[in-house]
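Undergrad: This structure is in C-alpha cells; I'll ask about it shortly.
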Amino acid sequence: MSASQQQGQVAVYPAADAYEAGVVPIRFSGWPQPAPAPVYAALSGDCEADVVVVVGAGLAGASLTLHLAERGVSVVLLEADQPASGASGRNAGHVQPYLGSLEALQDLPNQGRDFIDYFVERRNIVFDINQKYDLAADTERCGLVDAANRKHAALGRKARLWQGLGYAVEEVGGARLQELLGTSAYDYGLHWQEGGRVNPYLFTQGMVAAATRLGARVHGNSCVLACEREGAQWRLRTATGSVRAARVVLCTNGHVGNPFFPELARTQFPLLACGLATRPLPAEVMAQINPARVALMQYPAGLYPLVIDGRGRLITATIPGSGQAQDAQRYFAYFLRYLRRTFPALAGVPIELESYWTGMTANSSSAYEAAYPQFYRVDEGVLALLNLGSWGNVMGPLLGLHLAEVLLADRPDQLLLPLREPRAVRCAGLFETKIRRVLIPAARLADRLGLV
Ligand SMILES: Cc1cc2nc3c(=O)[nH]c(=O)nc-3n(C[C@H](O)[C@H](O)[C@H](O)COP(=O)(O)OP(=O)(O)OC[C@H]3O[C@@H](n4cnc5c(N)ncnc54)[C@H](O)[C@@H]3O)c2cc1C
C-alpha cells in the first residue's frame with residue numbers, strides 16, 4: 001500500500017492529460033487485483049503462416065482469439081500494452097442482458113431479427129465463458145434494476161418488448177424496489193432477473209489466458225506500427241518483430257494514433273468516462289444497501305450506475321466535465337452525495353475512495369441507444385470490430401464469438417450486423433463537447449434538485 005493510500009487518500013497519477021485521454025496506467029483502475037497478472041512477452045523476430053492475427057486484447061480481441069483458438073485456428077494476438085489495459089480493464093462492470101434501440105436495426109435484412117435472436121440466445125455469454133473456463137472474474141448473475149423516480153411509459157414498453165422475447169423482466173413499484181435496493185428513493189423501475197456484474201479486467205485477462213492454453217500466441221508490449229501487404233498476405237510490424245498472415249482483425253477500439261488504416265479512427269464518436277471504487281464497506285452496512293446485490297442503473301440519466309463487487313466495494317462510472325477528468329475528489333464527492341441521499345443506511349458511515357481512473361469509449365452513433373458495434377471491411381483480408389460503445393461487456397464476447405464462427409466458415413457475408421466500409425462520422429468532437437459541457441452538467445443539476 002502506498003503512503004498516500006495509508007493516509008486514506010486515493011493514489012492519483014500525476015499527469016492530468018493522461019486522465020483526459022483515458023490512458024492513466026491500468027494499475028490505477030479499480031479492477032486489477034493484488035495478485036500479479038501474467039505478463040505476455042513482446043513479439044520477437046519474424047513469424048509466418050499464421051491464419052489470423054488479432055490486434056488489440058480488450059473484450060473484443062480476447063473473445064475473438066479465444067473462440068478462434070477453441071476451433072483450432074492458428075491465431076496470434078498482438079497487444080500494445082498488456083491484455084485488458086484499454087477500456088475493457090476500466091469499465092463499470094455492468095452486464096446488460098438486453099439491447100438498446102431495436103429501431104436502429106430496422107434497416108437490416110429481416111429487420112435485424114437474426115441478430116436479435118443470436119443475442120437473445122447468448123445473452124449470458126459472460127457468465128457462460130466465466131464458468132466454462134473457471135475464470136474467477138468475480139462475475140455474478142445478480143440481475144439488474146433500471147430505477148426511476150416516477151413511472152415512465154418508455155420503460156413499460158421496454159419491459160413488454162423483452163418479455164415477448166422470453167426475458168424474466170417485470171415492472172416494479174416502490175415497495176418491491178425498497179426490498180431489492182434497500183432504499184425508498186425510487187418509485188418505479190424494471191427488474192431484470194438476468195444480467196449482473198463482472199470484473200471486466202479479470203474477465204478479459206481470463207479469456208486471454210484460456211486462449212493461450214488452447215494454443216493462441218499472445219504478445220504484450222507489441223504495438224502494431226504498420227500493416228503492409230505482401231502478395232495475398234499481410235505483414236504486421238511491431239518494434240521488435242513481425243507476423244505474416246492471410247487475415248487480420250483489428251480490435252483496437254478508438255484506433256486513435258494508429259498510423260495504419262487511419263480512416264478507422266474517424267468512424268466513431270469518442271467519449272471519455274471515469275470510474276471509481278470505494279474501499280470495502282463493513283458487512284453489516286452492506287447488508288442494508290442493495291441487499292439483492294443487483295446491478296443498478298438510474299433512469300433516465302444514469303449518472304451513477306452502481307455495482308457492488310465481491311469485496312464489498314461500491315463501484316460507479318460517470319462522465320467527467322471538460323478539462324476536469326483528473327479531479328478524482330470532485331467525482332467522488334458527487335457519488336457520495338448520491339449514495340448518502342439514496343441509501344439512509346449509509347448515514348454516518350465513513351466511505352473512502354480506493355481508486356479513480358478514466359477510459360475512452362468509442363461510439364458508432366451520437367444517440368446512446370442506437371450506438372451498435374460495427375464491423376468494417378478495411379481491405380482485402382482485413383476486418384475490424386470496433387465501436388463497442390458503452391456496452392462492451394456482453395457485445396465484446398458475443399461479437400468476438402460471432403466473428404470467429406464467420407471467419408472459420410470464411411463467410412464474412414454472413415455477419416449478422418452489416419460489414420461496412422469505414423466512413424467518417426460528422427462532427428465527432430462536437431458530440432463529446434455537447435455531452436461533457438452541457439448535457440451531463442444539466443443532468444447533474446436536475447438530479448440534485450430532484451427534477452428527474
Ligand atoms: C469508464 C467506462 C465505463 C464503462 N462501463 C461499461 C459497463 O458498465 N458495461 C459495459 O458493457 N461496457 C462498459 N464500458 C464500455 C466497454 O468497456 C467497452 O465497450 C469495451 O471495453 C471495448 O472493448 P474493446 O475490446 O473494443 O476495446 P479495448 O478494451 O479498449 O481494447 C482495445 C485494445 O487495443 C489495443 N491497441 C490499440 N492499438 C493497438 C496497436 N496498434 N497495436 C496493438 N494493440 C493496440 C489497446 O492497447 C487496447 O488494449 C465502459 C467503458 C468505460 C471507459
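Undergrad: Could you look through the stretch 175-193, keep only residues that are free of Cβ contacts under 8 Å to residues at least 40 places away in the same chain and among the polar types (S, T, N, Q), and pick out the one that is least open to solvent (accessible area, probe 1.4 Å)?
TA: Ser184
Undergrad: Among the numbered conditions (1) more than 29 Å from Gly275 (Cβ to Cβ); (2) in contact (Cβ under 8 Å) with a residue 12 or more places away in the chain; (3) β-branched (Val, Ile, Thr), tell me where Val406 comes up short.
TA: That leaves (2) as the condition not met.
Undergrad: Given the residues Gly257, Gly220, Gly196, which is the only one that is open to solvent by 50 Å² or more (accessible area, probe 1.4 Å), within 22 Å of the chain's Cα centre (by Cα) and within 14 Å of the ligand (Cβ to nearest atom)? Steps first, please.
TA: Details: Gly220 fails: open to solvent by 50 Å² or more (accessible area, probe 1.4 Å); Gly196 fails: open to solvent by 50 Å² or more (accessible area, probe 1.4 Å).
From the options Gly257, Gly220, Gly196, the qualifying one is Gly257.
Undergrad: Restricting attention to the stretch 369-394, report how many residues are under 20 Å from Asn124 (Cα atoms) and either without any contact (Cβ under 8 Å) to a residue 40 or more places away in the chain or of a type in the set (Phe, Trp, Tyr) (or both).
TA: Result for the stretch 369-394: 3.
Undergrad: Here's something else I'd like to know. So which residues in the stretch 321-337 are surrounded by 20 or more Cβ atoms within 10 Å (Cβ to Cβ) and closer than 19 Å to Met297 by Cβ, if there are any at all?
TA: Tyr331, Phe335, listed by residue number.
Undergrad: Restricted to the stretch 71-99, and to residues that are more than 8 Å from the ligand (Cβ to nearest atom) and not in a loop (DSSP other than H, G, I, E, B), which residue is surrounded by the fewest Cβ atoms within 10 Å (Cβ to Cβ)?
TA: Val76
Undergrad: In the set Pro38, Pro34, which member is touching a residue at least 60 places away in the same chain (Cβ under 8 Å) and either part of a loop (DSSP other than H, G, I, E, B) or closer than 16 Å to Ala216 by Cα (or both)?
TA: On the way: Pro34 fails: touching a residue at least 60 places away in the same chain (Cβ under 8 Å).
The unique qualifying residue is Pro38.
Undergrad: Still on this structure, I have one more. Out of everything in the stretch 374-398 that is within 10 Å of the chain's Cα centre (by Cα) and part of a loop (DSSP other than H, G, I, E, B), what residue ends up being surrounded by the most Cβ atoms within 10 Å (Cβ to Cβ)?
TA: Just the residues of the stretch 374-398 that are within 10 Å of the chain's Cα centre (by Cα), to begin with: 388-396.
Still in the running and part of a loop (DSSP other than H, G, I, E, B): 388-391.
Values: Leu388: 29, Gly389: 23, Ser390: 23, Trp391: 21.
Looking at residues that are within 10 Å of the chain's Cα centre (by Cα) and part of a loop (DSSP other than H, G, I, E, B), I get Leu388.
Undergrad: Looking at Glu230 and the list (1) away from the ligand (no atom under 12 Å from the Cβ); (2) touching a residue at least 40 places away in the same chain (Cβ under 8 Å), which single condition is not satisfied?
TA: (2)
Undergrad: Which members of the stretch 100-123 meet the condition of being in contact (Cβ under 8 Å) with a residue 40 or more places away in the chain and not in a helix (DSSP H, G or I)?
TA: Hits for the stretch 100-123 are Gly100, Ser101, Leu108, Arg122, Arg123.
Undergrad: While we're on this one: Pairs only if they're at least six apart or on different chains, beta carbon under 8 angstrom, first in the stretch 303-329 and closer than 18 Å to Leu271 by Cβ, second of a type in the set (S, T, N, Q) and part of a strand (DSSP E or B); list them, first residue then second.
TA: Close Cβ pairs (under 8 Å, with a partner that is of a type in the set (S, T, N, Q) and part of a strand (DSSP E or B)) amount to Leu303/Thr318; Tyr304/Gln298; Tyr304/Thr316; Tyr304/Thr318; Pro305/Gln298; Pro305/Thr316; Pro320/Thr358; Ala325/Thr358.
Undergrad: Output the residues belonging to the stretch 113-167 that are of a type in the set (A, V, I, L, M), surrounded by fewer than 17 Cβ atoms within 10 Å (Cβ to Cβ) and closer than 13 Å to Gly189 by Cα. I'd like the intermediate steps shown before the answer.
TA: The initial filter retains those residues of the stretch 113-167 that are of a type in the set (A, V, I, L, M), namely 116, 120, 125-126, 129, 135-137, 144-145, 147-148, 153-155, 159, 161, 165.
Next cut, surrounded by fewer than 17 Cβ atoms within 10 Å (Cβ to Cβ) only: 120, 136, 153-154, 161, 165.
Within the stretch 113-167, Ala153, Ala154 meet the criteria.
Undergrad: Taking into account only those residues within the stretch 338-365 that are farther than 29 Å from Phe28 by Cβ and open to solvent by 50 Å² or more (accessible area, probe 1.4 Å), which is farthest from the ligand (Cβ to nearest atom)? Give the derivation first.
TA: Going residue by residue through the stretch 338-365, those that are farther than 29 Å from Phe28 by Cβ are 344-345, 347-348, 365.
When the remaining residues are screened for being open to solvent by 50 Å² or more (accessible area, probe 1.4 Å), the result is 344, 347-348.
Working: Pro344: 26, Ala347: 28, Gly348: 30 Å.
My answer is Gly348.
Undergrad: Does Ala245 satisfy being touching a Lys or Arg at 6+ places or on another chain (Cβ under 9 Å), surrounded by 20 or more Cβ atoms within 10 Å (Cβ to Cβ) and closer than 16 Å to Val51 by Cβ?
TA: Values: touching a Lys or Arg at 6+ places or on another chain (Cβ under 9 Å): yes; surrounded by 20 or more Cβ atoms within 10 Å (Cβ to Cβ): yes; closer than 16 Å to Val51 by Cβ: yes.
Criteria met by Ala245.
Undergrad: Could you please find all residues in the stretch 101-137 being out of contact with any helix residue (DSSP H, G or I) (no Cβ under 9 Å at 6 or more places or on another chain), polar (S, T, N, Q) and at pLDDT below 95?
TA: Listed by number, the list holds a single entry, Asn110.
Undergrad: Output the qualifying pairs, or none if there are none: Cβ atoms under 8 angstrom, residues six or more apart or on different chains, first residue in the stretch 52-66 and near the ligand (Cβ under 6 Å from one of its atoms), second residue of a type in the set (Phe, Trp, Tyr).
TA: Once the first residue is near the ligand (Cβ under 6 Å from one of its atoms) and sits in the stretch 52-66, its partners that are of a type in the set (Phe, Trp, Tyr) give Leu59/Phe203.
The values are calculated or read from the model by the stated rules, or taken from the named source; none is laboratory data. Treat the numbers as computed from the prediction; the structure is a model and nothing was measured. Virtual Cβ from ideal backbone geometry, glycine too; neighbours counted across all protein chains shown. Heads up: the accessible areas ignore ligands, DNA and RNA and are worked out on the full protein's heavy atoms, side chains in. Shrake-Rupley method; radii C 1.70, N 1.55, O 1.52, S 1.80 Å.
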